[in-house]
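This report concerns only the one structure given below.
The values are calculated or read from the model by the stated rules, or taken from the named source; none is laboratory data. Small disclaimer: the values here were computed from a predicted structure and weren't measured. In this analysis, Cβ positions are derived from the backbone assuming ideal geometry, glycine residues included, and neighbour counts consider all displayed protein chains.
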DNA sequence: ACGACACTACGATTCGTACT
DNA sequence: AGTACGAATCGTAGTGTCGT
């Protein structure tokens, strides 16, 4: 929560939504909002499945003010709490919903257009679907959503500008700051990422990882980086956009998916080769990542589609 | 900027069971 | 034998805070 006046006014006025219905054909603008609003939901029927919202692509930015929502995104579960901003593209394999007995207060903007989709995709690739924005960016989002809801005579150009300004705020907050990060620091993190990749890579004729997998725990990685565990964890998360443990797990799952697709090794052998000694636990992790068991995944041929998406 | 410490949520592991 | 899944337990990761 930022406590800025636009947000306070929005909350005081209560739930509101505006559908921006401007004739599509004439404008050809590359960023155009379709709807925006503010809501407090308590009804557990609130549930949006990204695969069941039609075939026309659009992007959603939804910022949580209070309560708690849930997001399943490419098989991973996120809890959306106050201060979290969710990004999703439709159509896509995700679902966000409210749990029974819960409440969720948020504002959102949905938009379509070539540039809107391109930027949203870039942000998702870089940062994932759940973000922590600066107060300044949240304020910008709130102001733009408020303007979209309340402007009595909204022209196509003005609507497009508000949506684009929203995306630019996200861009500056999340992508530009990466460039500004101290080069030495990012170099250290990059070398740790390389180390993780090296650990999980193995030669075609020997499936054993090149180094012991216990070198991939956070304490060992921190030691390698020459930093304390707590500081390393924070720095890694800030630089990469996910925690070191999460990053290692993602790399393990990517490698496992590749081995399932490219070899006929048993699930047990693949679990061992990615550094997970218990095939039962491996199956559990794999299902969590891909929404399929390893054997189902192998039969489905999904790896071709999942390449580079984890 | 970084380390040290403490706290807590949840991830990792083990075990038992069921199914093919 | 290989795999999947649920429950229970324990350890670790993430994070807040404070000090240097």
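Could you pull out every one of the strands (runs of 3 or more DSSP E) wholly within segment A:1-93 that has 1 or more residues that are closer than 18 Å to residue A:120 by Cβ and at pLDDT below 85? Qualifying strands (runs of 3 or more DSSP E): A:58-73, A:76-81, A:84-90. One residue stands out in segment A:132-144 among those that are modelled with pLDDT under 80 and touching a strand residue (DSSP E or B) at 6+ places or on another chain (Cβ under 8 Å): the one that is surrounded by the fewest Cβ atoms within 10 Å (Cβ to Cβ), namely A:132. Of the helices (runs of 4 or more DSSP H) contained entirely in segment A:170-253, those carrying at least 1 residues that are modelled with pLDDT of 65 or more and closer than 30 Å to residue A:142 by Cβ fall at A:229-240.
The rows are residues; the columns are (1) over 19 Å from residue A:72 (Cα atoms); (2) at pLDDT 75 or above; (3) touching a helix residue (DSSP H, G or I) at 6+ places or on another chain (Cβ under 7 Å).
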position: A:265; (1), (2), (3): yes, no, yes
position: A:271; (1), (2), (3): yes, yes, yes
position: A:274; (1), (2), (3): yes, yes, yes
position: A:282; (1), (2), (3): yes, yes, yes
position: A:288; (1), (2), (3): no, no, no
position: A:292; (1), (2), (3): no, no, yes
position: A:295; (1), (2), (3): yes, no, yes
position: A:298; (1), (2), (3): yes, no, yes
position: A:301; (1), (2), (3): yes, no, no
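Of all the numbered requirements in (1) loosely packed, with under 15 Cβ neighbours inside 10 Å; (2) in contact with a strand residue (DSSP E or B) (Cβ under 9 Å, 6 or more places away or on another chain), residue A:112 misses one, and that requirement is (1). Do you know which residues across segment A:272-282 are more than 10 Å from DNA strand B (Cβ to nearest atom) and either under 13 Å from residue A:257 (Cβ atoms) or touching a strand residue (DSSP E or B) at 6+ places or on another chain (Cβ under 7 Å) (or both)? Result: A:273, A:274.
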